[in-house]
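Undergrad: My structure is below; once you've seen it, I'll send some questions.
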Amino acid sequence: PDAGNDAREAYTMAAALAFGMVMLGRGSVPPGPADTILVDELGVLAQSPGTAPAASVALGLMYLRTNSTEIADALAVPDTVLSLNRIQPSLLLLRTLSRGLILWDAVAPTHEWLRAQIPQAILEAVDSEEQADDALELAYYNIVPAACFVVGLKYAGTAREEPYGLLVHYYDVFRRLAYTNGTLPSPPLPSPPSSSSSR
């Protein structure tokens with residue numbers, strides 16, 4: 001109880017990683033009686049400010065490669081400015097990453113799959129030529145790297161051209177953004193190559 005916020009967050013995440021590694025990929029689909037208690041508890045914690053990041057990671061590891069839409073939906077990314085202002089942008093990164101771990105078979109090294117991970121309201125805001133709200137931009141810049149990380153994890157060691165091209169494209173985009181000194185281009189991201197050129 002006397003630990004500072006930083007220490008509590010570290011302890012919570014360490015506990016989540018330990019739990020996730022013990023339960024790695026053991027979540028049943030649909031959740032059985034034994035899982036239901038754990039899933040219900042983690043579902044509550046995933047909505048609580050202090051434990052949401054850790055609970056999201058724990059669920060992602062527990063349901064790794066199970067393709068459980070029910071569990072993945074519990075980690076949905078909010079898409080309104082009001083709801084996004086209530087959570088840390090880094091939580092969006094962890095939720096997107098955990099959803100990708102769960103829905104493993106659906107992960108594809110394409111711009112279409114990556115953009116499908118972004119809620120439509122956020123996508124429309126950053127694709128617009130007008131300046132997007134800060135909350136929507138921060139959400140975008142946390143969701144996209146998380147989706148790229150999932151692609152990298154799934155295709156690590158395959159030497160496939162498609163994921164390489166996708167990841168290099170977004171690496172270049174974010175590298176350029178890092179050197180704009182806070183002045184984002186409008187629209188903030190260039191249009192991705194067509195599907196035919198990404199193959």
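Undergrad: Please determine, by comparing only the residues of the stretch 79-133 that are among the charged types (D, E, K, R), under 28 Å from residue 161 (Cα atoms) and over 13 Å from the mean Cα position of the chain (by Cα), which one is least open to solvent (accessible area, probe 1.4 Å).
TA: Result: 127.
Undergrad: Looking only at the stretch 48-96, how many residues end up being under 18 Å from residue 15 (Cα atoms) and assigned to a helix (DSSP H, G or I)?
TA: The qualifying residues number 14.
Undergrad: A further question on this structure: Which count do you get for residues in the stretch 25-47 that are part of a helix (DSSP H, G or I) and open to solvent by less than 40 Å² (accessible area, probe 1.4 Å)? Before you say what the answer is, go through the steps one by one.
TA: Step one: filter the stretch 25-47 for residues part of a helix (DSSP H, G or I), giving 33-45.
Remaining after also requiring open to solvent by less than 40 Å² (accessible area, probe 1.4 Å): 35, 39, 42-43.
The qualifying residues number 4.
Undergrad: Another question, then. Quick one: in the stretch 149-190, of everything that is at positive phi and modelled with pLDDT under 90, which residue is most open to solvent (accessible area, probe 1.4 Å)?
TA: Checked the stretch 149-190; the qualifying residue most open to solvent (accessible area, probe 1.4 Å) is 181.
Undergrad: Quickly run through the stretch 101-148 and pick out the residues that are assigned to a helix (DSSP H, G or I), closer than 17 Å to residue 168 by Cα and of a type in the set (A, V, I, L, M).
TA: Across the stretch 101-148, the qualifying residues are 114, 143, 144, 146, 147.
Undergrad: Inspect all residues belonging to the stretch 7-24 and state whether any of them is more than 16 Å from the chain's Cα centre (by Cα) and part of a loop (DSSP other than H, G, I, E, B).
TA: yes
Undergrad: Go through (1) without any contact (Cβ under 8 Å) to a residue 12 or more places away in the chain; (2) within 18 Å of residue 59 (Cα to Cα); (3) of a type in the set (Gly, Ala, Ser) for residue 106 and report which single condition fails.
TA: (1)
The values are calculated or read from the model by the stated rules, or taken from the named source; none is laboratory data. Values in this document were obtained by computation on a predicted structure and should not be read as measured data. Methodologically, a virtual Cβ is constructed for each residue, glycine included, from the backbone with ideal geometry; neighbour enumeration extends over all protein chains shown. Areas reflect the complete protein model, heavy atoms only, side chains present, ligands, DNA and RNA absent. Shrake-Rupley method; radii C 1.70, N 1.55, O 1.52, S 1.80 Å.
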